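**Student:** Structure below; questions to follow.
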Amino acid sequence: MSKGVLVGYARVSTLDQDHTTQTDRLNGAGCERIFSEKQSGTTKKNRTALAECLEYMRDGDTLVITKIDRLARSARDLHNIVHDLESAGINLMVLDQSIDTRTPTGKAFLGMLATFAEFETNIRKERQLEGIAKAKEKGVYKGRKPTAQAKKAEMLELLKSGMSKPKIAKELGVSVASVYNVLKEVA
């Protein structure tokens, strides 16, 4: 195993969040390269920066993250990522939890934290569903706004009245492509 470099990975869940604090801390830890993205951590899908980061790293390198949930929100994903790292000879360092998989204690602690991260995600989902149920009871929760398909009857009426498809889209607050898609069977 060669002496490797520190490579950072920063992630936030939504576009309105900022990962500057994470990247500053990763730079402070001595990371030579940092990959960052704005993407949910509940799955590895669509996490292109993570995929690029893992592809970039080599035997002996250490992946550095600020918190365990920046890497994965489910124990399965975390274990899979850690397994892939170990198979490639790559270590993991988690700054906030003082985890370093180069030690047996670090590996054990990592496993425990993965379980807690998944538990936290499940609790959050449960609270969200409880909140939605309470809002529905009070008649406050309306659900998703109607999609373009739900406005098909209105579209047909406007089309019959002579309105153009682009004007229908503007009138109903949907995209022009949606109007064309919904009305594709009708001239």
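Values quoted throughout were computed directly from the atomic coordinates according to the rules given, and no laboratory measurement underlies them. Here the structure is a predicted model, which means the values were calculated and not measured. Because the Cβ atoms are built from the backbone with ideal geometry, glycine has one as well, and the counts that use them run over all protein chains shown.
**Student:** In segment 111-169, what trypsin sites (Lys or Arg not before Pro) fall in a loop by DSSP, with at most 15 other Cβ atoms inside 10 Å? Display every interim value, and only then the final one.
**Tutor:** On the way: sites: Arg124, Lys125, Arg127, Lys134, Lys136, Lys138, Lys142, Arg144, Lys151, Lys152, Lys160, Lys167; in loops: Lys138, Lys142, Arg144.
Taking segment 111-169 and a limit of 15 other Cβ atoms within 10 Å, the loop trypsin sites (Lys or Arg not before Pro) found are Lys138, Lys142, Arg144.
**Student:** Can you work out ³J(HN,Hα) from phi for every residue in segment 16-23, in order, using Karplus 6.51 cos²θ - 1.76 cosθ + 1.60 and θ = phi - 60°, giving whole Hz and x for Gly and Pro?
**Tutor:** Residue by residue, segment 16-23 yields 7, 8, 10, 9, 4, 4, 5, 5 Hz.
**Student:** Sticking with this one: I want the antiparallel fraction of DSSP beta bridges within the chain, as a percent rounded to 5.
**Tutor:** Working: 2 of 15 bridges.
The antiparallel proportion sits near 15 percent.
**Student:** Whose amide H sits under 5 Å from the amide H of Asn91, counting only residues 5 or more places off or on another chain, with H placed in the peptide plane?
**Tutor:** Under 5 Å from the amide H of Asn91 lie the amide H atoms of Gly60, Asp61, Thr62, Leu63, each far enough along the sequence or on another chain.
**Student:** Something else now. Please give the contour-minus-distance gain from Ser161 to Glu185: 0.36 nm per residue of separation, less the Cα-Cα distance, rounded to one decimal in nm. Intermediate results must be reported in sequence, preceding the final value.
**Tutor:** Working: separation 24, 0.36 × 24 = 8.64 nm, distance 1.74 nm.
Extending this stretch completely gives an extra 6.9 nm.
**Student:** Angle, helix 104-137 long axis vs. longest principal axis of the chain, Cα atoms, 0 to 90°, nearest 10?
**Tutor:** The answer is roughly 20 degrees.
**Student:** Also: Per residue of the chain, what 222 nm ellipticity follows from adding -39500 (n - 2.57) for every DSSP H run with n ≥ 4, rounded to the nearest 500? Show your work: numbers first, answer last.
**Tutor:** Details: 7 runs with 89 residues, N = 187.
Estimated from H runs of four or more residues: -15000 deg cm²/dmol.
**Student:** Under the rule a/c < 1.5 gives rounded, and otherwise a/b versus b/c splits prolate from oblate, where does the chain land using the Cα gyration tensor? It would help to have the intermediate numbers written out before the result.
**Tutor:** Numbers: a/c = 3.38, a/b = 2.19, b/c = 1.54.
Prolate, since a/c reaches 1.5 and a/b exceeds b/c.
**Student:** Now for a separate question. Of the GluC sites (Glu not before Pro) in segment 131-186, which ones lie in a loop per DSSP and count no more than 16 other C-beta atoms within 10 Å? List each step's numbers first, then the result.
**Tutor:** Details: sites: Glu137, Glu154, Glu157, Glu171, Glu185; in loops: Glu185.
Listed in order of number, the matching sites are Glu185.
**Student:** Going down the list Lys38/Lys107; Lys45/Lys125; Lys136/Lys167, which pairs span over 31 Å between their C-alpha atoms?
**Tutor:** Lys136/Lys167
**Student:** Trypsin sites (Lys or Arg not before Pro), restricted to segment 40-92: which are DSSP loop and have at most 10 other Cβ atoms within 10 Å? Let's see the in-between values first.
**Tutor:** Numbers: sites: Lys44, Lys45, Arg47, Arg58, Lys67, Arg70, Arg73, Arg76; in loops: Lys44, Lys45, Arg47, Arg58, Lys67, Arg73.
Passing both the DSSP loop test and the Cβ count: Lys45.
**Student:** If r is the Cβ-Cβ distance from Asp24 to Ala135 and R0 is 30 Å, what FRET efficiency results, to the nearest 0.05? Please list the in-between numbers first.
**Tutor:** Details: r = 38 Å, r/R0 = 1.27.
Once rounded, the FRET efficiency stands at 0.20.
**Student:** Long-range amide H contacts for Ile34: which residues qualify at under 5 Å (H placed 1.01 Å from N, peptide plane, sequence gap of 5 or more or a different chain)?
**Tutor:** Hits under the 5 Å cutoff: Gly8.
**Student:** Spelling out what I want: for every residue of segment 85-92, take phi, set θ = phi - 60°, compute 6.51 cos²θ - 1.76 cosθ + 1.60 (Karplus), and round to whole Hz; glycine and proline get x.
**Tutor:** So the J values, rounded to whole Hz, are 4, 4, 4, 8, x, 9, 8, 10.
**Student:** Here's a follow-up. What shape does segment 1-73 take by its C-alpha gyration tensor, where a ≥ b ≥ c are the square roots of the eigenvalues and a/c under 1.5 counts as rounded, a/b above b/c as prolate, and the rest as oblate?
**Tutor:** Working: a/c = 2.27, a/b = 1.44, b/c = 1.58.
Cα axes put segment 1-73 in the oblate bin.
**Student:** Between Thr103 and Gln128, take the C-beta separation as r, use R0 = 45 Å, and let me know the FRET efficiency to the nearest 0.05. Kindly include the intermediate steps, with their values, before the conclusion.
**Tutor:** On the way: r = 37 Å, r/R0 = 0.82.
Using R0 = 45 Å, I get an efficiency of 0.75.
**Student:** Based only on other Cβ atoms within 10 Å, what is the fewest-to-most ordering of Arg102, Arg11? Walk me through the numbers on the way to the answer.
**Tutor:** Numbers: Arg102 10, Arg11 24.
If I rank by nearby Cβ atoms, fewest first, I get Arg102, Arg11.
**Student:** A follow-up question, please. For Thr48 and Glu154, what does the FRET efficiency come to when R0 = 35 Å and r is the distance between their Cβ atoms, rounded to the nearest 0.05? It would help to have the intermediate numbers written out before the result.
**Tutor:** Values: r = 39 Å, r/R0 = 1.11.
Plugging the Cβ-Cβ distance into 1/(1 + (r/R0)^6) gives 0.35.
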